[in-house]
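Chemist: Here it is, the structure in full.
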Amino acid sequence: MKKFDKDKVLLGIAGPALALAVAFVLTTLVLLVSGLDPIEPYSLMIQEAEYPDIQVLILNQTGTYYLAALAVAIGFRMNLFNIGVDGQYRLAAMIAAVVGASVELPGPLHILLIVLVAVLVGAFWAGVAGFLKTTRGVSEVVSTIMLNAIATSLIAWLILPANLGEQLPGSNDLTTGEIAESGWMTGLAVEGGNIYGFTFVAFALGVVYWFVLNRTRFGFDLRATGASESAAQASGVDAKKMVLTAMLISGGIAGLTGLPLLLGQTHTYSLAFPAGVGFTGITIALLGRNNPLGLFFAALLISFLEKASASLDQYGYPKEITTIMKGLIVIAVVVSYELVRQYGLRRQQQKVGEELAAQARKNKEDVAA
């Protein structure tokens, strides 16, 4: 590996490491200011994560977050900020649940239909933002935020019993009806419970993401357009087409985010379906630097913080410590990456200076000879 490449790898590691260190220190200071033990909560979370059932919960949550982070990362690689992953995933999960509950097909076909519907709905919802950006110049940040709000209201209307929903007997919760067993995805039974089958699909998509971005012409065009739209256009790449395509792919993967839970546990969409997953995906994409392996470890970390902190209140510690730490991680990521970026620029400038000086010395020696 060339020395420059080594420096690049080290800088890539330095950003997340610095962010986590800063977040850890700041969270410890918050605990100290609150008059609480600054170390015990961490040891309690580690002890909690030793239980097999908690480990299964962490792994399943990691799969869900990994899909959300992949959807965000694809946008980031194109210099697009898809904040609408949360709306795309929830709307896709609901429509997929409605379709899944309304038909009965042989197992593989039933699951495939649900997956296909989820991808198409997610891609369509993200495609609206992509279309507005490429045809009217509307910022995807603004449009995806508005589409999140629209998706929330649309889901609330569609799930009414008068439309596509059902009300559970003796409960105020509304659902889309249960998917037949042929539409369930078998998971892996382990000591602590059941690892969702779609969790493994999520991790496999990380490999596909890496291959497409780094080993295909499409991936090169996508990265080139994200780096410089004008330069990409000059080299023959249709930048607007790439923007729309990236948004469609990002939305399609976002549509898959709810499937680990839908196919592996609930088998229906209800008002209790988790919200905010898309925003957590943004945190993970930032921390993992859009690298599939980095995204995995970032998703694993966030899942660990959430699931292992659930019992902290039993020991007198607010479980909101996790929320504080996640917020601090986001702030620390932004600050640390900027520091690392500036350091990297200085290192490159220093190297260029050293190479020019060496070349000048060599030229002087050649002239003298």
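Chemist: For a test of the definition: using alpha carbon positions, the gyration tensor, and the 1.5 limit on a/c, classify segment 154-225 as rounded, prolate or oblate. Please report the intermediate quantities before stating the final value.
Modeler: On the way: a/c = 3.93, a/b = 1.68, b/c = 2.34.
Oblate is the answer for segment 154-225, as a/c is 1.5 or above yet b/c matches or exceeds a/b.
Chemist: With N set to the residue count of segment 94-186, report its C-alpha Rg divided by 2.2 N^0.38 Å to two decimal places. Display every interim value, and only then the final one.
Modeler: Numbers: Rg = 16.1 Å, N = 93, 2.2 N^0.38 = 12.3 Å.
Ratio of Cα Rg to 2.2 N^0.38 Å: 1.31.
Chemist: Further question: Add -39500 (n - 2.57) for each DSSP H run of 4 or more in the chain, then divide by its residues: what number comes out at 222 nm, to the nearest 500 deg cm²/dmol?
Modeler: Details: 13 runs with 264 residues, N = 369.
Computed mean residue ellipticity for the chain: -24500 deg cm²/dmol.
Chemist: Which helices pass in the chain if a helix is a full DSSP H run, must span at least 18 angstrom along its long axis by Cα, and must have mean Kyte-Doolittle hydropathy not below -0.5? Can you show the working numbers first?
Modeler: Details: long enough: 3-33 (44 Å, 1.55); 52-77 (36 Å, 0.85); 85-102 (25 Å, 0.97); 107-136 (43 Å, 1.62); 140-158 (25 Å, 1.56); 197-215 (27 Å, 1.45); 239-256 (26 Å, 1.29); 292-308 (23 Å, 1.59); 321-368 (68 Å, -0.10).
Result, helices passing both filters: 3-33, 52-77, 85-102, 107-136, 140-158, 197-215, 239-256, 292-308, 321-368.
Chemist: Moving on. Is segment 31-168 rounded, prolate or oblate when judged by the Cα gyration tensor, a ≥ b ≥ c being the square roots of its eigenvalues, rounded requiring a/c under 1.5 and prolate requiring a/b larger than b/c?
Modeler: Numbers: a/c = 2.00, a/b = 1.34, b/c = 1.49.
Here segment 31-168 falls in the oblate category.
Chemist: Now, a different point. Considering the Cα trace of segment 233-285, what is its radius of gyration and what is Dmax, both in angstroms?
Modeler: Expressed in Å, the Cα Rg and Dmax of segment 233-285 come to 16.0, 50.
Chemist: Quick one: with all protein chains in place, what share of the accessible area of the chain is carbon or sulfur, to the nearest percent (1.4 Å probe)?
Modeler: On the way: 12090 of 18480 Å².
Whole-percent figure for carbon plus sulfur exposure: 65.
Chemist: Right, another one. Please grab the % of Cα pairs in the chain that end up more than 30 Å from each other.
Modeler: Working: 31438 of 67896 pairs.
The answer is 46 percent, as a whole percent.
Chemist: Tell me, how many Å apart are the Cα centres for segment 128-180 and for segment 181-230?
Modeler: Computed from Cα coordinates, the inter-centre distance equals 24 Å.
Chemist: Tell me, which longest segment in the chain has none of the GluC sites (Glu not before Pro) that fall in DSSP loops with at most 15 further Cβ atoms within 10 Å? Mind showing how you got there, number by number?
Modeler: On the way: sites that count: Glu50, Glu104, Glu178, Glu191, Glu320.
The answer is 192-319.
Chemist: Would you rank Lys364, Lys319, Lys133 by solvent-accessible area, highest first, keeping every protein chain in place and using a 1.4 Å probe?
Modeler: Sorted by accessible area, descending: Lys364, Lys319, Lys133.
Chemist: Another question, then. Heads up, I need the accessible area for Asp37: 1.4 angstrom probe, whole protein in place, Å², nearest 10.
Modeler: 70 Å²
Chemist: Please list Leu339, Leu261, Leu67 from largest to smallest accessible area, probe radius 1.4 Å, with all protein chains kept in place. Working shown, then result.
Modeler: Numbers: Leu339 95, Leu261 35, Leu67 0 Å².
The ordering from most to least exposed comes out as Leu339, Leu261, Leu67.
Chemist: Counting only heavy atoms of protein chains, what accessible area per residue, in Å², does the chain have with a probe of 1.4 Å? Kindly include the intermediate steps, with their values, before the conclusion.
Modeler: Details: 18480 Å² over 369 residues.
Ligands and nucleic acids excluded, the figure is 50 Å² per residue.
Chemist: For segment 168-267, build the convex hull from the C-alpha positions and give me its volume per residue in Å³. Intermediate results must be reported in sequence, preceding the final value.
Modeler: Details: hull volume 16.5 nm³, N = 100.
Cα-based convex hull of segment 168-267, divided per residue, equals 165 Å³.
Chemist: Okay, next question. Based on the Cβ-Cβ distance of Gln167 and Tyr51, what FRET efficiency does E = 1/(1 + (r/R0)^6) give at R0 = 45 Å, to the nearest 0.05?
Modeler: Numbers: r = 36 Å, r/R0 = 0.79.
Efficiency at R0 = 45 Å is approximately 0.80.
Chemist: What does the convex hull of the Cα atoms of segment 233-369 come to per residue, in Å³, rounded to a whole number?
Modeler: On the way: hull volume 28.2 nm³, N = 137.
Dividing the Cα hull volume of segment 233-369 by its residue count gives 206 Å³.
Chemist: How many lysine pairs in the chain, separated by 8 or more positions in sequence or lying on different chains, have Cα atoms less than 14 Å apart? Spell out each step's value before the answer.
Modeler: Values: Lys2/Lys351; Lys3/Lys351; Lys6/Lys351; Lys8/Lys351; Lys133/Lys240; Lys133/Lys241; Lys307/Lys319; Lys307/Lys326.
Lysine pair count for the chain: 8.
The values are calculated or read from the model by the stated rules, or taken from the named source; none is laboratory data. This structure is a prediction, so every number in the text was calculated from the model and none was measured. Note that each Cβ is placed from the backbone with ideal geometry, even for glycine, and that neighbours are counted across all protein chains shown. Each accessible area value is taken on the protein alone, full model and side chains, heavy atoms only, with ligands, DNA and RNA left out. Shrake-Rupley method; radii C 1.70, N 1.55, O 1.52, S 1.80 Å.
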